[in-house]
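What follows is one structure encoded as structure tokens, with my remarks underneath.
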Amino acid sequence: VPPGKWLTGSFNLTSHFTLHIHKDATLLASQDESEWAVIDPLPSYGRGRDADGGRYISLIFGTNLTDVVITGDNGTIDGQGVTWWNKFHKGELKYTRPYLIEIMYSNEVQISNLTLMNSPSWNVHPVYSSNVVVQGLTILAPVTSPNTDGINPDSCTNTRIEDCYIVSGDDCVAVKSGWDEYGIKFGMPTKQLVIRRLTCISPFSAVIALGSEMSGGIEDVRAEDITGINSESAVRIKTAVGRGNYVKDIYVRRMTMKTMKMVFWMAGNYGSHPDNDYDPNAIPVIQNINFRDVVAENVTMAARLEGIPGHPFSGICISNTTIGLTQKPKKIQWNCTEIAGVSSNVTPQPCNLLTDQGPDNACNFPEDSFTS
């Protein structure tokens, strides 16, 4: 794509293909709703996220692809999302809003060195795919824009997200794997995910979220060298009865946070079901969650850790963590229910459910690398 501004509707990619956007080029997404085809909902979701039924196709779309590169020397893709945001707020959407980039059922995908801005909804959505690299992206959206998540790996294996700068109205990275009974039936987890060297601003959401749609399972996630500024939470686990499956083997280290509502947040009561057919006996298992080497300042509350009654979140480890508080912090810094775990060298003092192991017992972070 050469220099200039280029207005376009949705288009599909093909295998063994590179889309290169020049540094002085901008792709502008059409604001004419009739130019956006309506496609089936994702099988692991059962419906659209904004509305029942189908969804508008993404601006850049591909399915069943091999060897695809979307790149540029910091060229721009502008979703011109304000009309979509307004329709969302007014309840005028017939179908779910489009994403900027969605690649489905694909292998060997690279998305790199671009500026993405003003997406109608999520920015980058690899789903049912493997061997995905997302690197060097600048993602920008007004911090009040609805659901403008940065990068959402969804039922993907062996994904690497690195060296990205994200300002958004929702989670900067949201790890997903399907919604309630649809995700359980589809049964494709997100696993072997690496997130590193990320800088995020999101005043009303998380730097990294796991869930809430995690019904295919999430495992083997490693995040390191993360900076969060003016964000609601550093790492958030969102799940609920009906989600089923698991979030396990999560390893996070070297996070630097400035101005946070809270650092750690785990919720076992996150609602938002696709319909009323979810299984009330589908209880998610949350276990082996590790955080180490965390420094945060200007924080209102250290942690809100709330498991599911009768089904506690277990194997939580927090170590080498220093949390500096605001001038008007919450009186209770650690709100812990239905959890079990340990802590080491953490300030302020954690809740009693995180048993103090003494100063020299750091949480695990595996040193081996994933193989494809």
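The values are calculated or read from the model by the stated rules, or taken from the named source; none is laboratory data. Computed from a prediction, not measured in an experiment: that's the story for all the values here. Every residue, glycine among them, receives a Cβ derived from its backbone with ideal geometry; neighbour counts consider all protein chains shown. Note: accessible area is taken over every heavy atom of the protein model, side chains too, but ligands, DNA and RNA are not part of it. Shrake-Rupley method; radii C 1.70, N 1.55, O 1.52, S 1.80 Å.
A few points about this structure:
- Meets criteria (within 21 Å of Ser112 (Cα to Cα), in a strand (DSSP E or B), out of contact with any Cys (no Cβ under 6 Å at 6 or more places or on another chain) and open to solvent by 40 Å² or more (accessible area, probe 1.4 Å)) for Lys5: yes
- Test: Lys87 is open to solvent by 30 Å² or more (accessible area, probe 1.4 Å) and in a loop (DSSP other than H, G, I, E, B): no
- Leading residue by the ranking (farthest from Pro359 (Cα to Cα)) among those in segment 304-339 that are open to solvent by 40 Å² or more (accessible area, probe 1.4 Å) and among the hydrophobic types (A, V, I, L, M, F, W, C): Ile332
- If you go through segment 340-359 and keep only what is surrounded by 17 or more Cβ atoms within 10 Å (Cβ to Cβ) and part of a strand (DSSP E or B), you end up with Gly341, Val342, Ser343, Ser344, Asn345, Val346, Leu354.
- Remark: Ser10 falls outside the filter, which requires a residue to be more than 25 Å from the chain's Cα centre (by Cα) and either modelled with pLDDT under 95 or surrounded by 13 or more Cβ atoms within 10 Å (Cβ to Cβ) (or both).
- Complete set of residues in segment 19-39 that are part of a strand (DSSP E or B) and open to solvent by 80 Å² or more (accessible area, probe 1.4 Å): His20
Residue by residue, here is whether (1) surrounded by fewer than 19 Cβ atoms within 10 Å (Cβ to Cβ); (2) over 13 Å from the mean Cα position of the chain (by Cα); (3) not aliphatic (A, V, I, L, M) holds:
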site	(1), (2), (3)
Val143	yes, yes, no
Cys156	no, no, yes
Ile184	no, yes, no
Thr199	yes, yes, yes
Ala223	no, no, no
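- Qualifying residue in segment 53-75 (condition: in a loop (DSSP other than H, G, I, E, B), more than 25 Å from Phe186 (Cβ to Cβ) and either without any contact (Cβ under 8 Å) to a residue 24 or more places away in the chain or of a type in the set (Phe, Trp, Tyr) (or both)): no
- A single member of Ser319, Ser369 is assigned to a loop (DSSP other than H, G, I, E, B) and under 24 Å from the mean Cα position of the chain (by Cα), and it is Ser369.
- Residues of segment 90-105 that are more than 20 Å from Glu162 (Cα to Cα), assigned to a loop (DSSP other than H, G, I, E, B) and open to solvent by less than 10 Å² (accessible area, probe 1.4 Å): Arg97, Pro98.
- Glu162 being surrounded by fewer than 19 Cβ atoms within 10 Å (Cβ to Cβ) and either farther than 21 Å from Thr26 by Cβ or under 15 Å from the mean Cα position of the chain (by Cα) (or both): yes
- Those residues of segment 225-249 which are among the aliphatic types (A, V, I, L, M) and within 15 Å of the chain's Cα centre (by Cα), in sequence order: Ile226, Ala234, Val235, Ile237, Val247
- Taking segment 110-123 as the range and being open to solvent by less than 10 Å² (accessible area, probe 1.4 Å), out of contact with any Gly (no Cβ under 7 Å at 6 or more places or on another chain) and either in a strand (DSSP E or B) or not assigned by the TED database to the domain that holds Asp50 (or both) as the test, the residues that pass are Ile111, Leu116.
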